[in-house]
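Have a look at the structure below, then the notes.
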């Protein structure tokens, strides 16, 4: 095993991607307990790493001017990293890796592009490394490590727990009754969104069957679709989209008996904190991006969406998400809630 003291880990993707990379931090901390571990992420995703003792420092890359980005990279070079592990699988991060001047630079090159020349070693995933967690971990084999499969981790502080509890008390929802169900009707890409009217129908059916209160989650950008679902529902769901920080949201969803939502960062957070997750997948592959946590279930039609995933879909009303019916989501949610109730009764 190499003797490394100053390691930079790069993940310039979205919140869910950063969360799924946390087992890499755990494996590095186990292997190098005294090393300085610094992680570089996109601005806006750093919250998922807060309170994570496996990382010493979090750096954020802003979208500034070319000159500002060059200054940032120059400051990285001055840090004297002896190793860079680039988990991004992208050209920009490969250039940053090379520019640090680190002797050891490990990264992915799934597209077989020129960026492979910028690494000292290109990570080569095995056929069994299908899920992104194992895919990222395989980069450590270039360092002579043999990491075991790990689970993503997010850490919530007492103040964030207190904020969630305070809000629930204000809403008259503190305690175990009524049970809370979080629905997540938004997503980063429109093609990953289950129709809002179906979320509305689902919320009404769940509220009637289980006497639960429905929360509609999301960030500020997803607030509009959450409010749209609320307007179409009869059970008066509560829109919490955009009201909480990332870790306050984690505290809130941890108190829910079920999460139902589209593929995205919120789904991964819910699974990581142990909330039962029913995930709706369309143009992305659950074998690579599925939730990792406790009780999880995925509904996925298995269409080949590579031809038209971005920026448009050629299937129209026959799209992968529209093929998922309210009945099958409700029935799956019903089974999961019945199972949770049966466990609580024992």
Report the relative contact order of the chain, percent, no decimals, based on alpha-carbon pairs under 8 angstrom and at least 6 residues apart. 14
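Could you tell me the calculated FRET efficiency between residue 62 and residue 189, based on Cβ-Cβ distance and R0 = 30 angstrom, to the nearest 0.05?
Once the sixth-power term is evaluated, E becomes 0.85.
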Measuring from the longest principal axis of the C-alpha atoms of the chain, the long axis of helix 326-345 (C-alpha) lies at a number of degrees, nearest 10, equal to 90
Among 283, 149, 196: highest mean-square fluctuation, GNM of the chain, C-alpha pairs under 10 Å: 149
Quick check: residue separation of residue 176 and residue 36 times 0.36 nm, minus the Cα distance between them. What number comes out in nm? 46.2 nm
Any idea what angle helix 223-232 forms with the longest principal axis of the chain, computed on alpha-carbon atoms, 0 to 90 degrees, nearest 10? 20
Potential extension, residue 295-residue 113 segment - 0.36 nm per residue separation minus Cα distance: 61.7 nm
Roughly how tilted is helix 22-31, in degrees to the nearest 10 and between 0 and 90, from the longest Cα axis of the chain? 40
If each part is reduced to its alpha-carbon centroid, segment 62-115 and segment 149-189 end up apart, in Å, by 35
Provide the packing ranking of 171-177, 150-156, i.e. peptides ordered by the mean count of other C-beta atoms within 10 Å per residue, highest first. 150-156, 171-177
Show me 8-14, 289-295 ranked by packing, highest mean number of other Cβ atoms within 10 Å first. 8-14, 289-295
In whole percent, what relative contact order does segment 168-314 give with Cα contacts below 8 Å and a gap of six or more residues? 22
Please give, to one decimal in nm, the separation of the simple spin-label points placed at residue 334 and residue 130, each 7 Å out from Cα toward the Cβ. 3.0
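For residue 2 and residue 151, what does the FRET efficiency come to when R0 = 30 Å and r is the distance between their Cβ atoms, rounded to the nearest 0.05?
0.75
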Distance between modelled label sites at residue 162 and residue 120, nm, 7 Å Cα→Cβ extension: 4.6
Below 8 Å between Cα atoms, with a sequence gap of 6+, how large is the relative contact order for segment 6-143 in percent? 23
What is the distance, in nm, between label points placed 7 Å from the Cα along the Cα-to-Cβ direction at residue 243 and at residue 224? 2.1
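Every read-out reported here was derived from the displayed coordinates using simple, explicitly stated rules and does not represent laboratory data. Just so it is clear, the structure is predicted and the values come from calculations on it, not from any experiment. Positions of Cβ are backbone-derived with ideal geometry, glycine not excepted, and every protein chain shown enters the neighbour counts.
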